[in-house]
1. So, R0 is 41 Å and r is the distance between the beta-carbons of A236 and E420; what FRET efficiency does that work out to, to 0.05?
2. Could you give the length gained on full extension between F150 and E276, defined as 0.36 nm per residue of separation minus the Cα-Cα distance, in nm?
3. Find how much the distance from I365 to I399 grows on full extension, using 0.36 nm per residue of separation minus their present alpha carbon separation; answer in nm with one decimal.
4. Based on the mean of other beta carbon atoms within 10 Å per residue, what is the order of 310-323, 498-511, most packed first?
5. Dipole of region 382-512 (Lys/Arg Cβ +1, Asp/Glu Cβ -1, origin at the Cα centre): which of I439, C426, F406 lies farthest to the positive side?
6. Take the alpha carbon gyration tensor of region 120-232, find the square roots of its eigenvalues, order them as a ≥ b ≥ c, and report rounded if a/c is under 1.5; if not, report prolate when a/b exceeds b/c, else oblate.
7. Please report the net charge: other residues with Cβ closer than 11 Å to the Cβ of P388, K and R +1, D and E -1.
8. From the protein chains alone at 1.4 Å, what is the descending order of accessible area for C395, C426, largest first?
Amino acid sequence: MEENSAVEHHYYYPLPSSAVKADPNNNDDYKEETCAEEGSSHNKPSTLQGRSDLNKYALGGAILASTNSILLGYDIGVMSGAVLFIRQDLKITSVQVEILVGCLNVCSLIGSLASGRTSDWIGRRYTIMVAAATFLIGAILMGLAPSFLFLMVGRVVAGIGVGYSLMISPVYVAELSPALTRGFLTSLPEVFISVGILLGYVSNYAFSGLPNDINWRLMLGVSALPAVAVALGVLAMPESPRWLVVKGRFEEAKQILIRTSENKGEAELRLTEIQEAASASITNKDKEGSSSNSSNNSGMWHGQGVWKELLVTPTRPVLRILVAAIGVNFFMQASGNDAVIYYSPEVFKEAGIGNDKHLMGVTIIMGTVKTFFVLISAMFLDRFGRRPMLLLGSCGMAISLFVLGFGCTFLKFSGGMKDEWVIVLCVVAVCATVSFFSIGLGPTTWVYSSEIFPLRLRAQGSSLAISVNRLVSGIVSMTFLSLSEAITFGGMFFVLGGVMVCATLFFYCFLPETKGKNLEEIEALFDDQAH
């Protein structure tokens, strides 16, 4: 008991200032790194201008964590084609198709909400394993499903795993990454989502020639393989240093920070900043009347009290952070991107492509284009910043959706004439829509929602924002076909284009730039807006 008390007492004090003022081995280099880490005006150019600036240890951890996102991407891509064969094999209606497709997104809401508290309790690393294991069970159930009801059960389980994955991967990467490469590294989950979508399209194409009672089962069941790989990959990953600090495990956190920093002096400075931020957060909580429970403030803290701070008694900066995080997640899915990808064969059919094999081939092209542009965006996020990429992406999506709406409307009322130029225009517009999504909302949403919350609120705040993401995605996916039948595909795309105009205005007014800032500095950006 005395040993535990000593650890808890030590939690409230940062390292001595003499330990972080200078690096005796290379003081000049250290000063340069300190300026860069603090986001000063003397920053070095974007780290992506030189490959040597990417810390290999942080990059390895980010890649291992981000591979978890392949699971969602694969499901989005593979369901777009598998649902065509499921409908034929199980004789289900359009409404059942919408429920089947959208239920994964709605059920992922459960995983998103639970993931925040889970990751505060058992750590970021093991929460990634929980996500992969849950999705693995769901994939096996879907692949073996003898009926529509059984298939739905598999979708529900897989959805919970997806919800865990969507929250924890960006949060883990953001907490592991150095400030100047955080944008690139935290956008890797979206890169792997795009890779998963492409793999899903390839799976559709590869298995589409098999009998209808086999092909869709293989398409869905194969997703168990990456889930196993992710679960095993967790064993090679370090824990989040910020989570370790909250738990009072300072030496472990310091060793990880040393490996993700340029030198020992920078690591000690980062550790001190993290300790001060965590200690200040807990001190503020104590002032609200919880000082009697101070034993919960270090190793025994598991995320209790966060929901109250977020939803009942938020400070003005926290409220602004919550609005920004929920807003960017809302518009990510209100853009209709997931629905367009889920129902891309239906969209391309409406655009005039009738052959099933051709449909699968066009979706592969779309997936390739999407993956290419998300890689481009990831490489430029730390150079140009979050806001410019968001604004470019949302403006581009608005224009592309309006063009797509025009093309679909023209084909709808052309009296059966299928002008080739209009078909090409529609295909290009769909590819442009997903490309601009990959430039802006796709990667930036995960980066932004994982980096703007203070340390104490980060896991559960991100889980709340991503729960909104999942809820909106489920609603859009489960109503897309019905609404398109009611107002035509052209009308639906005009509505989505209008949504993206609103999104552009929201991003311009409510989202400050976070490029180059430490996670511990970002809350002040929202505080400054209040003045």
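1. On the way: r = 51 Å, r/R0 = 1.25.
Once rounded, the FRET efficiency stands at 0.20.
2. Details: separation 126, 0.36 × 126 = 45.36 nm, distance 5.05 nm.
Computed gain between F150 and E276 is 40.3 nm.
3. Working: separation 34, 0.36 × 34 = 12.24 nm, distance 2.07 nm.
Result for the pair: 10.2 nm of gain on full extension.
4. Details: 310-323: 15.9, 498-511: 17.7.
Listed from highest to lowest mean packing, they are 498-511, 310-323.
5. Towards the positive end, the residue furthest out is I439.
6. Details: a/c = 3.21, a/b = 1.73, b/c = 1.86.
The shape class here is oblate.
7. Numbers: positive: R383, R386, R387, K515; negative: E513.
Summing Lys and Arg as +1 and Asp and Glu as -1 gives +3.
8. On the way: C395 60, C426 0 Å².
Descending order: C395, C426.
The values are calculated or read from the model by the stated rules, or taken from the named source; none is laboratory data. In this text the structure is predicted, and so the values were computed from the model without any measurement. Glycine also receives a Cβ, built like all others from the backbone with ideal geometry; neighbour counts cover every protein chain displayed. The protein model used for the area step is the full one, side chains on, heavy atoms only, and it has no ligands, DNA or RNA in it. Shrake-Rupley method; radii C 1.70, N 1.55, O 1.52, S 1.80 Å.
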